[in-house]
1. Quickly run through the stretch 158-201 and pick out the residues that are among the basic types (Lys, Arg) and over 29 Å from the mean Cα position of the chain (by Cα).
2. So residue 138 fits all but one of (1) farther than 18 Å from residue 188 by Cα; (2) assigned by TED's automatic domain parsing to the domain that holds residue 206; what number is the exception?
3. Here's a check for you: in the stretch 32-49, which residue that is of a type in the set (A, V, I, L, M) and surrounded by fewer than 16 Cβ atoms within 10 Å (Cβ to Cβ) is nearest to residue 115 (Cα to Cα)?
4. Among the numbered criteria (1) more than 23 Å from residue 183 (Cα to Cα); (2) surrounded by fewer than 20 Cβ atoms within 10 Å (Cβ to Cβ); (3) touching a helix residue (DSSP H, G or I) at 6+ places or on another chain (Cβ under 6 Å), which single criterion is violated by residue 82?
Amino acid sequence: MKRIHGRSGMAISIVFIVLVSAAYVLGWSSLFTVKQVVVVGSPNPSETFVIQHSIRVGGKMARLESQAIAKSLKTYTWLDHSTISRNWFKGIVTVRVWTRTPIAQFHNHLVDEAGIVFDLPSVDASHLPTIAGPDAASAKFAVNILTALPLQLRSQVRSILVHGSDSAILTINDLTLDRALTVAWGDETNTALKVQVYQALVALPENSKIHAIDLSAPHAPIVK
């Protein structure tokens, strides 16, 4: 029994020594330190520089707090999400970032499909529809209308003017009539019906010269 207990004690001691040694190597020795920080996907060189220097070269790889770094990156409005990976043997920390995808412009800023207003340097937004409204909530409302449209019709929308919090006016470069139409869209409800009524109205020969449509009450549309 004493021999068995002796062996168990020795095994425990060996495991303890291994764990302590591993902890030392990872957390305190000169091995496994950060030698280089690489940023992939950043749209701005100056922001790449800031991200690189938010992770200390020479610091311990094991002491990097990925969640804290990811949280600090959230200060960039253009950031959709990010990942952080470590090459332990080469000492390289790679920060990969993904930018938000703009679908509209709002007060000289950009808006994504979630209705989040952000800035993204060096982006040509001239092809994106513009949203006019008093606040970020109006941008979200306009985006909800825009993203609910069929892709073909959505691509023809040039601007959305938001009145209050539940009414919008769309300017549509209609391909059928080959000119811009002002469309009073109303709120977010009955989108499928409004699209159906709109397409039927612009297809009618007698409406070839109209310049405005009111679809706020889609069962009783008005053309002008």
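The values are calculated or read from the model by the stated rules, or taken from the named source; none is laboratory data. It should be emphasised that the depicted structure is a prediction, and the values quoted were computed from it without experimental measurement. Quick reminder, even Gly has a Cβ in these numbers, built from the backbone with ideal geometry, and neighbours come from all protein chains shown.
1. Result: 179, single match.
2. (1)
3. Ranking the qualifying residues of the stretch 32-49, first place goes to 40.
4. Exception for residue 82: condition (2).
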